[in-house]
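Worksheet: one structure, shown below.
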Amino acid sequence: MGKYYRALWKTLNEKRSTIIVVFDEIEALKDKNILYELSHTRENMNIEDDIFIGIIGISDDIFFYPKAENTVLSVLQYRNIIFPPYCEGEIEQILNDRCNIAFVEDVVDEGVVPLCAELSGEEHDCGRALNLLEKAGDIADITNEEKITKKHVLLANEEMGEKDLLISLEKLPINSKLVLLSIIRLSVELNEKITTGQIEMLYRKFCDRIGISPLGRTSVSGIVSEFDMMGIISAPVRSRGRYGKTRLVSLRKNTKKMQDILYRDYRLKEL
């Protein structure tokens, strides 16, 4: 990095320029040392006294600065400005502006933008709303339709929802992955609804094979309930008379896609 810093200092001194460096999603910055280097530039006599470097960090994580190193914070002398989330009306305004740039006039149906804003989630995620609009446009284009309609937005939302779900599977704790793999394996092999008892038995075998301590029955049942709430499985509770209650589990999502995601974890590849 040294040669890049030297090139920057040289350019600033030659141009007599003051710059503002903006870090979007600053929490993703792996090497925080760059903040230290930029903030210590004048102190280390790399640039002239009348040249300044300003730093703006943009983050969704309001706890980013409290977690940052004190050595960086003390020099930055930062001021924290918290912006409220977008409201639905602001999302619509942004989408309308984007429509004017991206689409031919009158191609976007009247209800498309409000629906994209509505489906952007409780936190009114502008990025998601824009992705929905773009995806809806792609679907309309692929099907050779003259207008983008609510139907295309709903199809885009369904497609994106499945994609988001699959991404979330990759981030599951190892025990949750093993429970889900047990459900998938049993569903494929038995081709029928399975019980939490069957799931727990196979889950414990998987734990033994990769050398981790298994969770208790209540915890396994809790993970099954979470998958039910996520829409990955259907798991209604059924009474078994004097044998108590159990869940009858069946898969709702694409088995192969979920299995492929799980096998990205090197610990599961031998199972």
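Tabulated data for the structure shown
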quantity: I47 vs. criteria assigned to a strand (DSSP E or B) and either free of Cβ contacts under 8 Å to residues at least 60 places away in the same chain or within 19 Å of Q77 (Cα to Cα) (or both); calculated: no
quantity: Residue within region 143-159 that is farther than 30 Å from Y266 by Cβ, among the charged types (D, E, K, R) and touching a Leu at 6+ places or on another chain (Cβ under 7 Å) present; calculated: yes
quantity: Scope region 29-55; condition of a type in the set (A, V, I, L, M) and surrounded by 11 or more Cβ atoms within 10 Å (Cβ to Cβ); matching residues; calculated: L29, I34, L35, L38, I47, I51, I53, I55
quantity: Selected residue (only one of I82, I94, I101 is more than 18 Å from I148 (Cα to Cα) and either of a type in the set (V, I, T) or in the same structural domain as I58 (by TED's automatic domain parsing) (or both)); calculated: I82
quantity: Per-region count, region 22-45, residues modelled with pLDDT of 80 or more and among the hydrophobic types (A, V, I, L, M, F, W, C); calculated: 6
quantity: Residue satisfying condition, being aliphatic (A, V, I, L, M) and assigned to a loop (DSSP other than H, G, I, E, B), within set I261, I223, I212, I183; calculated: I212
quantity: Answer from E170, E200 - the residue that is touching a helix residue (DSSP H, G or I) at 6+ places or on another chain (Cβ under 6 Å) and surrounded by fewer than 16 Cβ atoms within 10 Å (Cβ to Cβ); calculated: E170
quantity: The lone exception for V188 - which of (1) assigned to a helix (DSSP H, G or I); (2) under 19 Å from G222 (Cα atoms) it fails; calculated: (2)
quantity: Where E226 falls short, out of the listed (1) of a type outside the set (K, R); (2) surrounded by 13 or more Cβ atoms within 10 Å (Cβ to Cβ); (3) under 30 Å from E118 (Cα atoms); (4) without any contact (Cβ under 8 Å) to a residue 40 or more places away in the chain; calculated: (4)
quantity: Search result, residues across region 189-225 that are over 29 Å from the mean Cα position of the chain (by Cα) and hydrophobic (A, V, I, L, M, F, W, C); calculated: L190, I194, M201, L202
quantity: Matching residues in region 1-24 - criterion: being surrounded by fewer than 12 Cβ atoms within 10 Å (Cβ to Cβ) and closer than 17 Å to Y78 by Cβ; calculated: I20, V22, D24
quantity: Condition met for E123 (exposed (fewer than 14 other Cβ atoms within 10 Å of the Cβ) and either in the same structural domain as S213 (by TED's automatic domain parsing) or under 30 Å from D265 (Cβ atoms) (or both)); calculated: yes
quantity: Some residue of region 174-190 being without any contact (Cβ under 8 Å) to a residue 60 or more places away in the chain, of a type in the set (D, E) and not assigned by TED's automatic domain parsing to the domain that holds S234; calculated: no
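The values are calculated or read from the model by the stated rules, or taken from the named source; none is laboratory data. Just so you know, these numbers come straight off a predicted model, no measurement behind them. Here the Cβ is made from the backbone with ideal geometry for all residues, glycine too, and neighbour counts use every protein chain on show.
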